Amino acid sequence: MPHASDYPAVHGSLLVVEDDAELAGLLQDVLNMSGYDVVLAGSNADALACLSSERRIEAAILDLSVTDGTTLPVADRLRSDRVPYVFASGSACTLPDEHRWAPFFSKPFPITALINAVESCRATGVPYPVAVY
């Protein structure tokens, strides 16, 4: 199991949008042990409320499909706020062009690969939209 000492650069608030309570709890435990301050949201409404609060979110893991629809509205908000994110889903899909830069993990996924992807996204940042003239 990963530990904070395995990822010395890991820190900060991580939003996890996952509607499976058991998986969300497991992710929270493992990510907390890895050094993150995890904020759980089980729906788009909860995630968007969190992003509208004063709390600073530094990265996010988004289950693509939650109880109130796809998390693309959350991804749109994160992208607008320049907050990096990764997708994790139990089903295959094609992401819209504006989100294809984000890593996509099919469930089940190795937690170390997920953490590495989150940290890589944090290091490189969210790409700026390409201007079309």
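The values are calculated or read from the model by the stated rules, or taken from the named source; none is laboratory data. Source: prediction; values computed, not measured. When we count neighbours, we look across all protein chains shown, and the Cβ atoms used for this are built from the backbone with ideal geometry, even at glycine. When the accessible area is computed, the model is the full protein with side chains, heavy atoms only, and any ligands, DNA or RNA have been set aside. Shrake-Rupley method; radii C 1.70, N 1.55, O 1.52, S 1.80 Å.
Key figures for this structure:
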quantity: Candidates Thr94, Thr112, filtered to the one that is touching a residue at least 60 places away in the same chain (Cβ under 8 Å) and not in a strand (DSSP E or B); calculated: Thr112
quantity: Residue check, Ala88 closer than 19 Å to Ala41 by Cα, of a type in the set (Gly, Ala, Ser) and open to solvent by less than 50 Å² (accessible area, probe 1.4 Å); calculated: yes
quantity: Residue check, Leu51 touching an Asp or Glu at 6+ places or on another chain (Cβ under 8 Å), more than 19 Å from Asn32 (Cβ to Cβ) and hydrophobic (A, V, I, L, M, F, W, C); calculated: yes
quantity: Ile61 in contact (Cβ under 8 Å) with a residue 60 or more places away in the chain, over 16 Å from Pro127 (Cα atoms), open to solvent by less than 70 Å² (accessible area, probe 1.4 Å) and under 15 Å from the mean Cα position of the chain (by Cα); calculated: no
quantity: Within segment 66-83, considering residues that are under 18 Å from Asp46 (Cα atoms) and in contact (Cβ under 8 Å) with a residue 40 or more places away in the chain, the one surrounded by the most Cβ atoms within 10 Å (Cβ to Cβ); calculated: Thr71
quantity: Members of segment 97-109 found to be more than 16 Å from Leu15 (Cβ to Cβ) and part of a helix (DSSP H, G or I), listed by number; calculated: Asp97, Glu98
quantity: Of residues in segment 22-74 being touching a Phe, Trp or Tyr at 6+ places or on another chain (Cβ under 6 Å) and among the hydrophobic types (A, V, I, L, M, F, W, C), the one nearest to Gly90 (Cα to Cα); calculated: Leu64
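Yes/no matrix, rows are residues, columns are (1) of a type outside the set (A, V, I, L, M, F, W, C); (2) under 13 Å from the mean Cα position of the chain (by Cα); (3) surrounded by 17 or more Cβ atoms within 10 Å (Cβ to Cβ):
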site	(1), (2), (3)
Ser13	yes, yes, no
Val16	no, yes, yes
Ala21	no, no, no
Asp29	yes, no, no
Asn32	yes, no, no
Tyr36	yes, yes, yes
Val39	no, yes, yes
Asn44	yes, yes, yes
Ser53	yes, no, no
